[in-house]
Each structure stands twice: as structure tokens, then as C-alpha cells.
1. For segment 83-179, report the convex hull volume of the alpha-carbon atoms normalised per residue, in Å³, without decimals.
2. For segment 133-148 and segment 212-283, write down the distance between their C-alpha centroids in whole Å.
3. Could you tell me whether segment 1-76 comes out rounded, prolate or oblate from its Cα gyration tensor? Rule is a ≥ b ≥ c as square roots of the eigenvalues, rounded for a/c under 1.5, then prolate if a/b exceeds b/c, otherwise oblate.
4. To the nearest 10 degrees, how steep is helix 184-196 against the longest Cα principal axis of the chain, on a 0 to 90 scale?
5. Does anyone have the angle between helix 122-137 and the longest principal axis of the chain? Alpha-carbon axes, 0 to 90°, nearest 10?
6. Suppose the Debye formula is applied to equal point scatterers at every Cα of the chain; what is log10 I(q)/I(0) at q = 0.09, 0.11, 0.15 Å⁻¹?
7. On average, how much area does the Cα convex hull of segment 130-202 cover when viewed from any direction, in nm²?
8. Excluding residues fewer than 8 places away in the same chain, name every one of the lysines whose C-alpha is closer than 17 Å to that of Lys246.
Amino acid sequence: MRITIFGATGLQGKSLMGAWSDDAVTGFGSADGDIRNAERVSDLVRRSRPDGIVHLAAYTDVDGCEANRDLAFDVNCRGAVNVAQAARQYGAHLLFLSTDYVFDGTKTTPYATDDRRAARSVYGRSKADAEVQLSQILPDCCIVRTSWLFGAGGKCFPDTILKLAASRPQLEVVGDQRGSPTYTVDLARAIVQLCHQSAKGIVHATNFGECSWYEFAREIIANEGLPTIVRETSSDKFVRPAQRPKYSVLSPESSQKHGIAMPDWRDALQRYLAERKTNVANP
Ligand SMILES: NC(=O)c1ccc[n+]([C@@H]2O[C@H](COP(=O)([O-])OP(=O)(O)OC[C@H]3O[C@@H](n4cnc5c(N)ncnc54)[C@H](OP(=O)(O)O)[C@@H]3O)[C@@H](O)[C@H]2O)c1
């Protein structure tokens, strides 16, 4: 297959670029073209002649989106629409990466693919609007929702915790938001599989299991054998511009229907921490 990736220079994009074996892959970052420019997007797709497009590019600063609403919608929604229109024009299958933040987090059991979107943040609304518009432009497109990404090559929670732990004897981490941490390497494998199947509709793809950010931080510290004490705090003591869902675990049922079984997040974290050590030893 010929694959074109928008957002290839980001956290997920870097993992995804390395995940294909028999396919011809072209990856674009913002320096290759701004997805807000429809003509440029169309030109990049025309020249790369893909069978499939994976659209990861987004303005992902969740708090920044609150202060920059227009930018958030321009990049996350209109940019995605530009990519979808180019996919339709050149007959390519589209896979769009979306987020658990399209939900409000009021449920206490895993979200199904057909649960109502009710985003609480500008970022979540911009991605939810993109999902709706993309399904209208390309009814056969695949929308993959994921959550709490971590991996090499970008800012991620385990790195932040380990950096803080290096200089502080004690950390406070919120315990009242629950989700599923997801390793970019595991998600990349799932995305490749979904592209090869030309999957349609909404698919939830996260590592298996759930935790709070507090539990996630404790697991990171325990894995590294550090003496740092992790204390649980609540979101109201750690106010941020964007509201996050209290609970955003995504049901794995839809990915299982595609033959995808994502490993447990604790197993994924151990593999990431091992990868991180190798990267530090061989920069
Ligand atoms: N991170 C998470 O925890 C998480 C959770 C759920 C869903 N997602 C979704 O997963 C996808 C990938 O996230 P990520 O964490 O890998 O993002 P990221 O590291 O912030 O990377 C964003 C990518 O988008 C590109 N980009 C940004 N604005 C652009 C523009 N105007 N024109 C062209 N390209 C632009 C960036 O290019 P440059 O780097 O070259 O500027 C980069 O390649 C996003 O769609 C996000 O909504 C992420």
C-alpha cells in the first residue's frame, strides 16, 4: 500500500513512521505544508498518490486551545476537513486519529463508540466537530479514538514524572481523572492493521485497563525503583484552563472486532521505560 501521514513529526507520528514493513510511506509535518491550506494539502496528496491517508496532525495543547479557540478549530476541524476532501478527490481511504476528550466523562463504565459526544473543552469540541464533518465527507472513513498517549520523541507523562522526581522528594498528582494510558508503539501497530483492513467507522484503540493519573505516576516511580513519594490530589486543587473528563475509559469492543487486542497499559509502560533507557544510552 502507499500511505501518506499528516502529523508524521509528532509524538504518535514518529512511532507510526517506523511501524510499516511492506508499505511505501510518506510523512508530512507542518514544515511540509499547513493543513489549514486546502490547496497545499491537495497538492501533497496528489503528489504522494496514497491508497490510504492517516491524519494525526492537530493542535494538541489542550489548555492552549482554550485561549486560542479559532486556531484550535482551524487546525483540528478545518484542517481535517481539508485532508478529507483531498482523500475524496484522489480516492484514498482515510484514518483520522481522535480523542477520548470528545466525551464529557460523566459515565462510570467504558465509553462505547456510539455514546453521545459531549466535549467539555475547546480541544475536545474541535475534534468532535471534525469527526462529524469527516463522516459526512467520507462515510467510509475510519475514526480511531485513543487516549493518554506516551512514547518516545515528544512530551509525555512518564517523562514529566521522571523529570520532576529527579528534583523533588514528593509529587502531587490528581487521582480523580481516570483513563487508559496508551503506548504510541502499540497504537501504531493497531493503526497499521486498521489501514490494511481499510476499516470503516469509529474504533476505540487504547492499551487495556484503566487508572488515574495518580496511579499512573505511582506505577512509573515504582518501575524505576525511585524513593519519590507520590501523593494523591484532586482536580479542584490543580485548576487548569481546560476541563478534562473525570472518566474517559474507551471500551475495547470495537478494536477487538477488528482482531486487535491491545496489551495492558502496565506492560506497555514497562516496555516504554526500557525503550527510554536504550534511547538515553544510545542517543
Ligand atoms: N497526545 C495524546 O495524549 C492524544 C490523546 C488522544 C488523541 N490524540 C490525537 O492524536 C493525534 C497525534 O497526537 P500527538 O500527541 O502525536 O500530537 P503532537 O505530538 O502534538 O504532534 C502534532 C503533529 O501535528 C502537526 N501539526 C500541527 N499543526 C499543524 C498544521 N497547522 N499543519 C500541519 N501539521 C500540523 C505537527 O507538525 P510539526 O511538529 O512539524 O509542527 C505534528 O506532526 C492528534 O490528532 C491528537 O488529537 C492525542
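The values are calculated or read from the model by the stated rules, or taken from the named source; none is laboratory data. What you see is a predicted model, and the numbers here were worked out from it, not measured in a lab. All Cβ positions, even for glycine, are placed from backbone atoms using ideal geometry, and neighbour counts span all protein chains on display. Surface accessibility is based on the protein's heavy atoms, side chains included, excluding ligands, DNA and RNA. Shrake-Rupley method; radii C 1.70, N 1.55, O 1.52, S 1.80 Å.
1. Details: hull volume 12.8 nm³, N = 97.
Per residue, the Cα convex hull of segment 83-179 comes to 132 Å³.
2. 25 Å
3. Working: a/c = 3.12, a/b = 1.58, b/c = 1.98.
Taking the square roots of the gyration eigenvalues as a ≥ b ≥ c, segment 1-76 is oblate.
4. The helix 184-196 is inclined about 30 degrees to the chain.
5. The helix 122-137 is inclined about 30 degrees to the chain.
6. -0.41, -0.62, -1.16
7. Numbers: hull surface 27.1 nm².
That works out to 6.8 nm².
8. Cross-link targets: Lys107, Lys237.
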